[in-house]
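The values are calculated or read from the model by the stated rules, or taken from the named source; none is laboratory data. Since we're looking at a predicted model, the values are computed, not measured. Neighbour counts are summed over all protein chains in view; Cβ atoms, including those assigned to glycine, are modelled from backbone coordinates with ideal geometry. The area values use the complete protein model at the heavy-atom level, side chains included, leaving out ligands, DNA and RNA. Shrake-Rupley method; radii C 1.70, N 1.55, O 1.52, S 1.80 Å.
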Amino acid sequence: MNFTKRFRVEAGSRVDLSAIDAAFHGPHANDAEAAAELQHHLQRITNSQRALYAERNHSLLIVLQGIDGAGKDGTCWHVMSAMDPQGVQVRGFKQPTAEERDHDFLWRIHPHAPARGNVAIFNRSHYEDVLVVRVHKLAPKEIWKPRYDFINEWEKLLAVENNTTILKFFLYISKDEQLARFKERLDDPSHQWKISASDYTERNRWDDYIEAFEAALSRCSTKQAPWFIIPSNHKWFRNLAVSAIVADALEDMQIQVPKPTVDIEEIRRLYHQASEAEHRTKKGKAENATPAAEGT
């Protein structure tokens, strides 16, 4: 299955999330069946990300959005597990600080865009300013509505000016699945730290959030920064689909590992010289070693 084509929101299309099956899992019945394919995609990510870091000509921005419980943290961890941490930065954007509120809404976002050679993962993102702000009416419509265009222009800037590939994933779960995950958190002490008092008040705004997500997905899926709607009721399928799309995008960059900046033959000569010197030193130490006294 070509996950990139299957789940990409085409530019200019109108998204209706009610027409999408959040429980879709493709040809595999379970995580065991998908394991080999998942590992294949993760290895592709490892190979390409190392080349990306060495080449330092491209960059990659991964945006993760989803309703509470959709699995943004799990997806972030899973994708990152295939990457060298020195070339990856993860940033979450929640409620803005007082200083951030005194600037335009993208002021706090731009410093975390990926530098060439790097990958940036946004666990929540600049889209909070057309999602939470819209749902909770934190700003009037005449303020948040133009932000769709500002976001598109900012993402275009990254793509054109800094050669950034942008992949935006909406992790789509059903309302029933969200409640099941809330129960998992409640029953598992190791996950109770994730529980928030707002989980259920936000859940009461489910329809408002779905409407806000549909607007953002429709208005802001562009050629240079597409959205992908990932059916995420099955965590293993979510990881498989996201990993495949990230691997495809990295390989599509056609990254070229840079040529050496030194004379390889000269370095080879220095290596052999050092190796021979080390061998002579070890041989001399062995010949000068005092044999153990007999009869002791």
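Odds and ends about this structure:
- Its convex hull of Cα atoms gives the range 177-227 a direction-averaged projected area, equal to a quarter of the hull surface, of 4.9 nm².
- Sequentially through the range 25-34, phi angles give Karplus couplings (6.51, -1.76, 1.60; θ = phi - 60°) of 9, x, x, 8, 7, 7, 5, 5, 5, 8 Hz, Gly and Pro residues having no value and appearing as x.
- When every Cα-Cα distance of the range 127-282 is counted in 5 angstrom steps from zero, the calculated P(r) takes the values 1, 7, 11, 12, 13, 12, 10, 7, 5, 4, 4, 5, 4, 3, 1, 0 percent.
- Violating pairs (Cα-Cα greater than 23 angstrom) within the set Lys141/Lys223; Lys94/Lys168; Lys94/Lys194; Lys141/Lys235; Lys94/Lys223; Lys194/Lys235: Lys141/Lys223; Lys141/Lys235; Lys94/Lys223
- Under the combined filter of DSSP loop state and at most 11 neighbouring Cβ atoms within 10 Å, the range 64-150 retains these trypsin sites (Lys or Arg not before Pro): Lys94, Lys137.
- DSSP-loop chymotrypsin sites (Phe, Trp or Tyr not before Pro) across the range 80-126, with at most 13 other Cβ within 10 angstrom: Trp107
- √(5λ) per eigenvalue of the Cα gyration tensor, the range 123-173, largest first, Å: 23, 16, 7
- For Leu270, solvent-accessible area (1.4 Å; no DNA, RNA or ligand), Å²: 80 Å²
- Largest to smallest accessible area among Val135, Val257 [probe 1.4 Å]: Val257, Val135
- In straight-distance terms, cross-link reach from Lys259 covers every one of the aspartates and glutamates whose alpha-carbon lies under 18 Å from its own, apart from those fewer than eight places away in the same chain; here that gives Glu55.
- Restricting the calculation to Cα atoms, every distinct pair contributes to the Kirkwood radius of the range 131-219, found to be 15.7 Å.
- For the range 164-248, trypsin sites (Lys or Arg not before Pro) meeting the loop criterion (DSSP other than H, G, I, E, B) and having at most 14 other Cβ atoms within 10 Å: Lys223.
- Rounded to two decimals, the Cα-based Rg/Rh of the chain, with Kirkwood Rh, is 1.15.
- Summed residue charge, Cβ within 10 Å of Pro96's Cβ, Lys/Arg positive, Asp/Glu negative: -2
- P(r) weight above 17 Å for the range 199-296, C-alpha pairs, percent: 79 percent
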